[in-house]
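**Q** After the C-alpha coordinates below, expect a handful of questions from me.
The values are calculated or read from the model by the stated rules, or taken from the named source; none is laboratory data. For clarity, every value in this text was computed on a predicted model and none was experimentally measured. Every residue, glycine as well, gets a Cβ built from its backbone with ideal geometry; the counts of neighbours run over all protein chains shown. With ligands, DNA and RNA removed, areas are computed over all heavy atoms of the protein, side chains included. Shrake-Rupley method; radii C 1.70, N 1.55, O 1.52, S 1.80 Å.
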Amino acid sequence: MAAPLIAGMTVAAAALAGRYGIQAWQAYKARPPRPRKFFEGGFQPKMTRREAALVLGIRESAAAEKVKEAHRKVMIANHPDAGGSHYLASKINEAKDMMVGKPKDSGSAF
(Lines give C-alpha, C1' and ligand atoms only; values in the text may rest on other atoms or scores of the structure.)
Protein backbone atom coordinates (compact mmCIF):
# COMPACT_ATOMS: atom_id res chain seq x y z
CA MET A 1 0.00 0.00 0.00
CA ALA A 2 2.86 2.43 0.75
CA ALA A 3 4.77 1.46 -2.40
CA PRO A 4 2.63 3.54 -4.84
CA LEU A 5 2.90 6.54 -2.51
CA ILE A 6 6.70 6.28 -2.37
CA ALA A 7 6.89 5.80 -6.15
CA GLY A 8 4.70 8.88 -6.71
CA MET A 9 6.81 11.00 -4.37
CA THR A 10 9.98 9.83 -6.13
CA VAL A 11 8.59 10.80 -9.54
CA ALA A 12 7.48 14.22 -8.19
CA ALA A 13 10.91 14.84 -6.66
CA ALA A 14 12.64 13.90 -9.92
CA ALA A 15 10.33 16.22 -11.87
CA LEU A 16 11.00 19.12 -9.50
CA ALA A 17 14.76 18.51 -9.64
CA GLY A 18 14.63 18.44 -13.44
CA ARG A 19 12.61 21.65 -13.54
CA TYR A 20 15.08 23.35 -11.20
CA GLY A 21 17.99 22.13 -13.33
CA ILE A 22 16.44 23.49 -16.54
CA GLN A 23 15.74 26.87 -14.91
CA ALA A 24 19.31 27.06 -13.59
CA TRP A 25 20.72 26.22 -17.04
CA GLN A 26 18.58 28.88 -18.74
CA ALA A 27 19.63 31.48 -16.16
CA TYR A 28 23.28 30.50 -16.72
CA LYS A 29 22.97 30.90 -20.49
CA ALA A 30 21.12 34.24 -20.19
CA ARG A 31 23.64 35.90 -17.87
CA PRO A 32 25.74 38.73 -19.33
CA PRO A 33 29.29 37.86 -20.35
CA ARG A 34 32.01 38.40 -17.79
CA PRO A 35 33.99 41.57 -18.39
CA ARG A 36 37.50 40.96 -19.67
CA LYS A 37 40.36 41.58 -17.29
CA PHE A 38 42.60 44.18 -18.88
CA PHE A 39 46.31 44.55 -18.37
CA GLU A 40 46.96 46.97 -15.54
CA GLY A 41 49.60 49.63 -15.97
CA GLY A 42 50.65 52.17 -18.55
CA PHE A 43 52.77 51.85 -21.65
CA GLN A 44 56.50 51.23 -21.44
CA PRO A 45 58.83 53.92 -22.85
CA LYS A 46 59.98 51.56 -25.64
CA MET A 47 57.45 48.97 -26.77
CA THR A 48 58.41 45.31 -26.46
CA ARG A 49 56.93 42.31 -28.30
CA ARG A 50 55.11 41.30 -25.11
CA GLU A 51 53.51 44.72 -24.74
CA ALA A 52 52.64 44.79 -28.46
CA ALA A 53 50.93 41.42 -28.15
CA LEU A 54 48.96 42.67 -25.12
CA VAL A 55 47.87 45.80 -27.00
CA LEU A 56 46.62 43.76 -29.97
CA GLY A 57 45.19 40.95 -27.85
CA ILE A 58 47.20 38.18 -29.53
CA ARG A 59 50.06 35.84 -28.66
CA GLU A 60 53.66 36.92 -29.08
CA SER A 61 54.18 34.14 -31.64
CA ALA A 62 51.17 35.07 -33.81
CA ALA A 63 51.52 34.93 -37.58
CA ALA A 64 51.62 38.15 -39.60
CA GLU A 65 48.11 37.53 -40.92
CA LYS A 66 46.72 37.26 -37.36
CA VAL A 67 48.59 40.45 -36.41
CA LYS A 68 47.04 42.36 -39.31
CA GLU A 69 43.56 41.02 -38.49
CA ALA A 70 43.89 41.94 -34.81
CA HIS A 71 45.28 45.39 -35.73
CA ARG A 72 42.30 46.02 -37.99
CA LYS A 73 39.77 45.05 -35.30
CA VAL A 74 41.42 47.14 -32.57
CA MET A 75 41.94 50.09 -34.90
CA ILE A 76 38.29 50.12 -36.00
CA ALA A 77 37.26 50.48 -32.36
CA ASN A 78 39.87 53.15 -31.54
CA HIS A 79 40.37 55.16 -34.75
CA PRO A 80 40.62 58.94 -34.21
CA ASP A 81 38.13 59.62 -37.03
CA ALA A 82 35.55 57.57 -35.13
CA GLY A 83 36.13 59.41 -31.85
CA GLY A 84 39.12 57.40 -30.62
CA SER A 85 42.33 58.69 -29.15
CA HIS A 86 45.29 59.71 -31.34
CA TYR A 87 47.62 58.43 -28.63
CA LEU A 88 46.01 54.99 -28.54
CA ALA A 89 45.95 54.82 -32.34
CA SER A 90 49.68 55.54 -32.46
CA LYS A 91 50.33 52.84 -29.85
CA ILE A 92 48.20 50.34 -31.79
CA ASN A 93 50.15 51.12 -34.99
CA GLU A 94 53.42 50.83 -33.09
CA ALA A 95 52.32 47.45 -31.74
CA LYS A 96 51.52 46.21 -35.24
CA ASP A 97 54.88 47.41 -36.54
CA MET A 98 56.66 45.68 -33.66
CA MET A 99 54.84 42.39 -34.27
CA VAL A 100 55.41 42.30 -38.04
CA GLY A 101 59.07 43.23 -37.63
CA LYS A 102 59.24 46.95 -38.40
CA PRO A 103 60.13 48.51 -35.02
CA LYS A 104 60.76 52.23 -34.73
CA ASP A 105 63.92 53.26 -32.91
CA SER A 106 62.45 56.50 -31.64
CA GLY A 107 59.50 54.89 -29.85
CA SER A 108 56.10 56.52 -29.76
CA ALA A 109 55.39 59.98 -31.14
CA PHE A 110 53.83 60.82 -27.79
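**Q** Quick check: with the 1.4 Å probe, what order do L54, L16 take by accessible area, largest first?
**A** Highest to lowest solvent-accessible surface, that is L16, L54.
**Q** What whole-number value in Å² describes the accessible area per residue of the chain for a 1.4 Å probe?
**A** I get 79 Å² per residue for the chain.
**Q** Using Cα-Cα distances under 8 Å and only pairs 6 or more residues apart, what relative contact order does the chain have, in percent?
**A** It rounds to 24 percent for the chain.
**Q** Please give the net charge around A70, taking every other residue with its beta carbon less than 11 angstrom from that of A70, where Lys and Arg add +1 and Asp and Glu add -1.
**A** Once all neighbours under 11 Å are counted, the net charge is +4.
**Q** Most fluctuating residue of G18, G84, G41 in a GNM of the chain with Cα springs under 10 Å: which is it?
**A** In this elastic network of the chain, the residue with the biggest mean-square fluctuation among G18, G84, G41 is G18.
**Q** Using a probe of 1.4 angstrom, how much of the accessible area of the chain is carbon and sulfur, in percent?
**A** Carbon and sulfur: 61 percent of the exposed surface of the chain.
**Q** Given the options P33, P80, P45, which has the most mean-square fluctuation in a GNM of the chain, springs set between C-alpha atoms less than 10 angstrom apart?
**A** Result for the chain, Cα springs under 10 Å: P33 fluctuates most.
**Q** Something else about it: Within region 40-82, list the GluC sites (Glu not before Pro) lying in a DSSP loop whose Cβ has at most 15 other Cβ atoms in a 10 Å radius.
**A** E40, E60
**Q** So for the chain, taking the charge dipole from beta-carbon charges (+1 Lys/Arg, -1 Asp/Glu), which of G84, A3, P35 sits furthest toward the positive end?
**A** Farthest along the dipole direction, towards plus: A3.
**Q** Determine the alpha carbon to alpha carbon distance for each of K37/K102; K46/K68; K37/K91 and list only those over 24 Å.
**A** The answer is K37/K102.
**Q** How big is Rg to Rh over the chain, alpha-carbon atoms, Rh as the Kirkwood inverse-mean-distance radius?
**A** 1.46
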